[in-house]
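K.L.:
The following block contains the structure, expressed as structure tokens.
None of the figures in this text is laboratory data; all of them are computed from the coordinates on show. Model, not experiment: these values are computed from the prediction. We place every Cβ from the backbone using ideal geometry, glycine too, and count neighbours over all the protein chains shown.
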Amino acid sequence: MRIIFKNLMTLWSIINAINANDELSGIIEAAGSKISHLFDIVAFSILLKEDLNLFIYCDESSSRLFVDEVAKNTIKTLSFITGESLAPEQIHTHIKKMRFEIQRRGPSDGRLKSHISLPLINEGKVLGCVSLNSDHTNAFDAQALQFFSLITYQIASSMKHSQVFSSMKDMAIYDSLTHVYNRRHIDQVLEEEFRNSWISKQPLSIIMIDIDHFKAINDQYGHDEGDKALIHIASLLKQSLRKHDIVARFGGEEFLVVLPKTIMKDALVIAERIRRSIEVTSLSVGHKKVTLTISLGIAAIPAIWPKSKEELTKCADTALYEAKGKGRNRVCMYIPTKDSPAKGILSK
Amino acid sequence: MGKEKTATSPELIGLYSSLLNEIWGKASELIGESLLAFFILLTIDRMANKFSILRGIRVSEAGISLETMRNQCQDIPPEDVHRAFQGFIKNLFNVFTAISENVINRELFSTVLPKLREAEKMISR
């Protein structure tokens, strides 16, 4: 009775640990690091169907051969459950060795002798599979299977929650059409970068971008083709930027790029690269191939020292209007002078 | 004493219905209704090309039912019904072996074997 109670308490603590995580990595780590408290196993494995990541948590004494057999067997189980053949080369394996509480029941040749494997199912959909692995034959009984199935249910349910959580997070920060960041997120990012720039006296540049004659595309070809144009531009913007640059859809056909720690001169190089990449890439609109162009306005710290991020954005907007006024398809920088707040720079 | 009458398809389905409900009761105690329903549906899916009658098995987390099949099987020879269920149960046991070695099957043999023998007898009368 005492042993059953102890096992139930351990089961409860494992389920709680899994349940306490919103992120997939936390769920896997919680299960992998605690599961040996309940089962006499040499390895626990979890294979995810979506990204084919295989995680193996095994005892520090387990041999390479044993780990390989666990990997092979887990892949075989998922293939069996889904009916889709999986090659080991497709799988990304992550191995974590740790001290497991193994009760040695006689000598072992270090080979995989026994396993129970269950699919991770949520609403009838296979998310992956999990396995308990032992180097002894008939290592698992009915109670082990009962406990393991409860843990499996919890992992699957937490995985589903983490997917929902992650997609809600994405919805909150990404533009659903173009998959670049949305206005709300770039406002937060810019606020932070603006504050950092003031505090550390580091440069910061932003580029305001507007698609030239976008209304004509919508009017001539319809909104679906207009949407295609926005997706096309967003994709080229992402490709033209550096790793730490941030791009967002700022309004209808307007995009904003934030370039942390970047001076005006470098921002101009990036802006010109963006302009050129769009100018030379054609897009199928309706039955025609069209080439889009964009106008760009740059504002940068320390070329100016605005009091707020809104003021910085307004300066970039002024430069953008200067670019539009000078014939479009060009980059203008905001350089205040006594007579003119924005100085147009012809960039092509 | 005259020869016993050969079992009809609805009678055989009645026997297999009772057998599958016993399997459901015991296996769901071990792995829960949701996983069990998944394994049964997986088996039906893999066997239905060979034995289309199996598509009449209704499975959900609430249990397993052969009522739809019983109402539709009047024209199907009992031998075909028997073969379909034999194949289905064999495959279901193979699925259980693949995931739990013999843990589930051990719990089920005592229930399943007598019922399978009974079905054999009914069909060979």
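K.L.:
If you average the alpha carbon positions of region A:264-279 and of region B:48-104, how far apart do those two centres end up, in angstrom?
P.N.:
Their Cα centres are 66 Å away from one another.
K.L.:
Just need log10 I(q)/I(0) for chain B at q = 0.15, 0.18, 0.22 Å⁻¹, Debye formula, equal scatterers on the alpha-carbon atoms, no solvent, rounded to two decimals.
P.N.:
The Debye formula, applied to the Cα set alone, gives -0.66, -0.94, -1.38.
K.L.:
Whole-Hz Karplus ³J(HN,Hα) for region B:33-43, in order, using 6.51 cos²θ - 1.76 cosθ + 1.60 and θ = phi - 60°, x for Gly and Pro?
P.N.:
Whole-Hz 3J(HN,Hα) from phi for region B:33-43: 5, 5, 5, 5, 4, 4, 5, 5, 5, 4, 5.
K.L.:
While we're looking at this one, here's another question. Need the full-extension length gain, residue A:224 to residue A:277, defined as separation in residues times 0.36 nm minus the C-alpha distance. One decimal, nm.
P.N.:
Gain in length upon complete extension: 16.8 nm.
K.L.:
Now a separate question. Which whole-number percent gives the relative contact order of chain A, counting Cα pairs below 8 Å spaced six or more residues apart?
P.N.:
Relative contact order of chain A: 13 percent.
K.L.:
Something else: At R0 = 56 Å, how high is the FRET efficiency between residue A:90 and residue A:307 if r is their beta carbon distance? Nearest 0.05 is fine.
P.N.:
E(calc), rounded to 0.05, equals 0.55.
K.L.:
Rank the residues A:313, A:318, A:337 as a footprinting-exposure proxy: fewest other Cβ atoms within 10 Å of their Cβ go first.
P.N.:
On the way: A:313 21, A:318 18, A:337 8.
Listed from fewest to most nearby Cβ atoms, that is A:337, A:318, A:313.
K.L.:
Moving to a separate point now. Expressed in nm to one decimal, what extension gain is obtained for the pair residue A:284 and residue A:146 from 0.36 nm per residue of sequence separation less their Cα-Cα distance?
P.N.:
Between residue A:284 and residue A:146, full extension yields 44.0 nm more.
K.L.:
Long-range amide H contacts for residue A:116: which residues qualify at under 5 Å (H placed 1.01 Å from N, peptide plane, sequence gap of 5 or more or a different chain)?
P.N.:
A:132
K.L.:
For a footprinting-style exposure proxy, rank A:242, B:106 by other Cβ within 10 Å, fewest first.
P.N.:
A:242, B:106
K.L.:
Sticking with this one: Using square roots of five times the C-alpha gyration tensor eigenvalues, list the equivalent-ellipsoid semi-axes of the protein assembly as shown in whole Å, biggest first.
P.N.:
They are 63, 30, 17 Å, listed largest first.
K.L.:
Let me ask you something else. Arrange the following residues from fewest to most other Cβ atoms within 10 Å of their Cβ: A:174, B:16.
P.N.:
Starting with the residue having the fewest Cβ neighbours, the order is A:174, B:16.
K.L.:
What shape does region A:1-111 have by the C-alpha gyration tensor, where a ≥ b ≥ c are the square roots of the eigenvalues, rounded means a/c under 1.5, and otherwise prolate means a/b greater than b/c and oblate the rest?
P.N.:
oblate
K.L.:
Less than 25 Å apart at the alpha-carbon level, and either on another chain or at least 8 residues along: which lysines does that give for residue B:50?
P.N.:
A:76, A:125, B:90, B:115, B:121
K.L.:
Right, another one. I want to check the label-to-label distance for residue B:124 and residue A:13. Put each point 7 Å from Cα in the C-beta direction and report it in nm to one decimal.
P.N.:
5.6 nm
K.L.:
Label points 7 Å out from Cα along the Cβ direction at residue A:167 and residue B:83: separation in nm?
P.N.:
Going from the residue A:167 label point to the residue B:83 one covers 4.4 nm.
K.L.:
If you average the C-alpha positions of region A:204-248 and of region A:146-173 separately, how far apart do those two centres end up, in angstrom?
P.N.:
Going from one Cα centre to the other spans 34 Å.
K.L.:
Moving on to the next point. How much of the pair distance distribution for region A:183-333 lies past 21 Å, counting alpha-carbon pairs only, in percent?
P.N.:
On the way: 4625 of 11325 pairs.
Percentage above 21 Å: 41.
K.L.:
At R0 = 41 Å, how high is the FRET efficiency between residue A:198 and residue A:243 if r is their beta carbon distance? Nearest 0.05 is fine.
P.N.:
The value I calculate is 0.95.
K.L.:
Still on this structure, I have one more. Please state the relative contact order of region A:183-333 as a whole percent: Cα pairs under 8 Å, 6+ residues apart?
P.N.:
30 percent
K.L.:
To continue, here is another question. For region A:1-92, what relative contact order do you get, as a whole percent, if you take Cα pairs closer than 8 Å and at least 6 residues apart?
P.N.:
19 percent
K.L.:
For residue A:72, go through the lysines and keep the ones whose alpha-carbon is under 21 Å away, minus same-chain ones fewer than eight residues off.
P.N.:
In chain and number order, the partners are A:49, A:96, A:97, A:113.
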